[in-house]
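Peer 1: Please find one structure pasted underneath; my questions will follow.
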Amino acid sequence: GAGVSQSPSNKVTEKGKDVELRCDPISGHTALYWYRQSLGQGLEFLIYFQGNSAPDKSGLPSDRFSAERTGGSVSTLTIQRTQQEDSAVYLCASSKNPLAEPKETQYFGPGTRLLVL
Amino acid sequence: GQNIDQPTEMTATEGAIVQINCTYQTSGFNGLFWYQQHAGEAPTFLSYNVLDGLEEKGRFSSFLSRSKGYSYLLLKELQMKDSASYLCAVRDIGRNYGQNFVFGPGTRLSVLP
């Protein structure tokens with residue numbers, strides 16, 4: 001596919017369970033972002049990967065949240081011991097290297113809608 | 001997006017013109033983006049400004065004044081399908097690297113017949 005893909009599209013889980021969310025960025029994009037969007041709210045930055053550099057994890061809300069990016073492509077966001085306040089849409093975006101191409105926009109995936117009961 | 005402000009909601013009539021404002025504060029401004037987000041969908045890119053002035057693209061135009069920390073998105077000949085949230089985002093290279101792309105809260109536009 002030409003765009004960013006995410007899976008699953010929807011996830012319902014019970015409080016206390018772990019969840020994994022997947023993002024497959026556009027081929028050739030070195031930058032990958034994870035955001036969280038609660039109902040009617042703006043985008044909250046979570047984590048950023050750029051090439052082989054150490055990720056910027058400054059937006060992760062707690063140590064229950066972690067993410068990795070294997071081989072500079074697919075990324076997985078893991079939420080451990082989920083809480084009801086984790087319910088939100090989790091959006092992934094990718095772009096070319098913003099340092100080299102600052103005009104380059106981010107391309108967003110369709111998101112994963114997470115509901116923690 | 002605590003350094004970016006937008007009106008929460010706006011309403012306009014089909015066929016009219018609407019202007020959505022965005023004010024921002026940055027330590028290292030390096031571009032401003034506008035996105036459109038329909039309910040339940042991902043944001044899609046609309047426009048980019050890095051120099052002062054107006055960028056026109058069909059029915060949509062975006063304006064930037066760096067000295068005032070101000071931008072607006074202008075939508076002409078409104079159509080029902082323009083009902084969506086409009087997100088202002090600023091690239092601030094003075095921030096932590098990953099957070100250098102900061103989004104405003106979004107403006108929810110309703111177009112009425």
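The values are calculated or read from the model by the stated rules, or taken from the named source; none is laboratory data. As the structure is a prediction and not an experimental result, all values here were calculated from the model. Every residue, glycine among them, receives a Cβ derived from its backbone with ideal geometry; neighbour counts consider all protein chains shown.
Peer 1: Among the residues of the stretch A:102-117, count how many are outside any loop (DSSP other than H, G, I, E, B) and either farther than 24 Å from A:Thr30 by Cβ or out of contact with any strand residue (DSSP E or B) (no Cβ under 9 Å at 6 or more places or on another chain) (or both).
Peer 2: Keep residues of the stretch A:102-117 that are outside any loop (DSSP other than H, G, I, E, B), which gives A:107-108, A:112-116.
Add one more test, that the residue is either farther than 24 Å from A:Thr30 by Cβ or out of contact with any strand residue (DSSP E or B) (no Cβ under 9 Å at 6 or more places or on another chain) (or both), and what stays is A:113-116.
Going through the stretch A:102-117 one residue at a time, the tally reaches 4.
Peer 1: Among the numbered conditions (1) touching a residue at least 60 places away in the same chain (Cβ under 8 Å); (2) of a type in the set (A, V, I, L, M); (3) in contact with a Phe, Trp or Tyr (Cβ under 9 Å, 6 or more places away or on another chain); (4) closer than 27 Å to A:Gly3 by Cα, tell me where B:Ile20 comes up short.
Peer 2: Exception for B:Ile20: condition (4).
Peer 1: Can you name every residue in the stretch B:91-113 that is at pLDDT 90 or above and away from chain A (no Cβ under 12 Å)?
Peer 2: Matches in the stretch B:91-113: B:Leu109, B:Ser110, B:Val111, B:Leu112, B:Pro113.
Peer 1: Considering A:Gly40, A:Gly109, which residue is small (Gly, Ala, Ser), on the phi > 0 side of the Ramachandran plot and within 13 Å of another protein chain (Cβ to nearest Cβ)?
Peer 2: Working: A:Gly109 fails: on the phi > 0 side of the Ramachandran plot.
None of the others qualify; the one that does is A:Gly40.
Peer 1: Among B:Glu41, B:Glu56, B:Glu77, which is at the interface with chain A (Cβ under 9 Å from one of its Cβ atoms), of a type outside the set (Ser, Thr, Tyr) and over 10 Å from the mean Cα position of the chain (by Cα)? Even if it seems obvious, please write down each step before you answer.
Peer 2: Details: B:Glu56 fails: at the interface with chain A (Cβ under 9 Å from one of its Cβ atoms); B:Glu77 fails: at the interface with chain A (Cβ under 9 Å from one of its Cβ atoms).
Matching residue, one of B:Glu41, B:Glu56, B:Glu77: B:Glu41.
Peer 1: May I pose another question? State yes or no: is A:Arg69 within 14 Å of chain B (Cβ to nearest Cβ), within 25 Å of B:Arg108 (Cα to Cα) and out of contact with any His (no Cβ under 7 Å at 6 or more places or on another chain)? Lay out the reasoning, then the answer.
Peer 2: Details: within 14 Å of chain B (Cβ to nearest Cβ): yes; within 25 Å of B:Arg108 (Cα to Cα): no; out of contact with any His (no Cβ under 7 Å at 6 or more places or on another chain): yes.
The answer is no for A:Arg69.
Peer 1: Could I ask something else about it? From the residues in the stretch A:45-58 that are under 11 Å from the mean Cα position of the chain (by Cα) and either over 12 Å from A:Ala88 (Cβ atoms) or modelled with pLDDT under 90 (or both), which one is farthest from the other protein chains (Cβ to nearest Cβ)?
Peer 2: Pass one, the stretch A:45-58, residues under 11 Å from the mean Cα position of the chain (by Cα): A:45-49.
Adding the requirement that they be either over 12 Å from A:Ala88 (Cβ atoms) or modelled with pLDDT under 90 (or both) leaves A:45, A:47-49.
Values: A:Phe45: 5, A:Ile47: 7, A:Tyr48: 3, A:Phe49: 8 Å.
Looking at residues that are under 11 Å from the mean Cα position of the chain (by Cα) and either over 12 Å from A:Ala88 (Cβ atoms) or modelled with pLDDT under 90 (or both), I get A:Phe49.
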